[in-house]
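Below you'll find the structure, written out as C-alpha cells, and then a few comments.
None of the figures in this text is laboratory data; all of them are computed from the coordinates on show. None of the values given here were measured: they were computed from a predicted structure. Cβ placement follows ideal geometry from the backbone for every residue including glycine, while neighbour counts extend to all protein chains displayed.
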Amino acid sequence: MVSDSVRPLAREAQVMPIVSDHDVVLVRRAARELAEEIGIGLVARTKLVTACSELARNVLEHAGGGRASLAVVSPDGARRHGVEVVFADDGPGIGDVERAFERGYSTKRGLGLGLGGSRRLVDDFALSTEPGEGTTILIRTWA
Amino acid sequence: MRDDEASSRTAILAIGNTLIATLQGSIDDRAALALKDDLSRRVVATAASGVLIELSAIDIVDSFIGRVIADIAAVSKLLGARVVVAGMRPAVAITLVELGLELPEVETAVNTEQGLALLGR
C-alpha cells in the first residue's frame, strides 16, 4: 500500500538539484526539451511538464530540497520512447499516503493538489516512501 | 527565444479604468507573488473597475500559479474590481482540469478582445 516499487528504466539520467524555486523552472524546461526530442504531443507534454512542476515543488516545500533525474527511456528496443523523471528527497517521508492522494487533501497546506493531481497527468506513476526515509516518485509519459 | 528561457516577466498596462496584466515566459513563484502585490496596489491606485489577466504567452499553469490567479481574482473583487482571465491555451486548460484546478471562481474569456468586452470596454 505504501510503496509501489519504483523501478527506473533509465540506465543514465540527467540529475538536477531542486533547492530553489528557480530549480523548479529548470526541471520543467529540461522535461519539456526531452519530451520535444521524442515527439510527445502538445497536450501530453503540457501535462508532463505541469506534473514535474508540482512534484518538484513538493520536494522543495516538504523535504526542503532534493533532486530530479531525467532521461529518455526505450524499453522495447527503439519501438517506444518515453520521458522518465524520478524525484527523490531525504525529507520526512509521507506518513499517510492514501490521504496524500485524496483530492484537495493538502491544498490548504500548500502542497498544490496533492499527488493525485500529478498522477492523473502522466502515463506511469510510482511512489516509495517511509516516514523518516524520504520519498521517491517516478513518472513517465510515452510518446 | 523559447518561453521558458525568457525570464519571467509580467507587464501591467492601464487603459481607462481597466488594468491589463500580461504574463509572459515561464513565471516562477516569486514573479507570481509579485504580480499579485503589484496588481492589488494598482487596482487601488488607479481605482480600476476591471482587471484582465492575459495568459496566451504562458505554456503551463501549475497549481501554484493557478492559486495565485484565484487569489488575484478574490483580492480584486474585495477591492471592487472584476477580473477576467483571457487567452488560456487549450493544452493548459485540459491540464488544469485533469489536475483538479478548474478555477470556478474566476471569469474567463477566449481572448483579450472578448475579455475586454466582458469588462465593458
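Note down the relative contact order for chain B as a percent, whole number, built from C-alpha pairs under 8 angstrom at least six residues apart.
23
If you take each beta carbon of peptide B:62-72 and count the beta carbons of other chains within 10 angstrom, what is the mean?
4
Under the classification rounded if a/c is under 1.5, otherwise prolate if a/b is larger than b/c and oblate if not, where does chain A fall, given a ≥ b ≥ c as square roots of the Cα gyration tensor eigenvalues?
prolate
May I ask for the Rg/Rh ratio of the protein assembly as shown, computed from Cα atoms with Rh as the Kirkwood radius, given to two decimals?
1.00
If you count, for every residue in B:95-103, the Cβ atoms of partner chains within 10 Å of its Cβ, what is the mean?
Mean number of neighbouring Cβ atoms from other chains: 6.
Compute the helix-to-body angle for A:42-63: its Cα long axis versus the longest principal axis of chain A, expressed 0 to 90° and rounded to tens.
Here the helix axis deviates by roughly 30 degrees.
Can you list the equivalent-ellipsoid semi-axes of region B:3-118, largest first and in whole Å, using the square root of 5 times each Cα gyration tensor eigenvalue?
Computed over region B:3-118, the values are 21, 15, 13 Å.
Take every DSSP beta bridge whose two residues both sit in region B:3-118, then give the antiparallel share in percent to the nearest 5.
Taking every DSSP beta bridge within region B:3-118, about 35 percent pair in antiparallel fashion.
Using only the Cα atoms of region A:1-76, build the gyration tensor, take square roots of its eigenvalues as a ≥ b ≥ c, and label the shape rounded, prolate or oblate: rounded if a/c is under 1.5, else prolate if a/b is larger than b/c, else oblate.
It comes out oblate by the Cα gyration axes.
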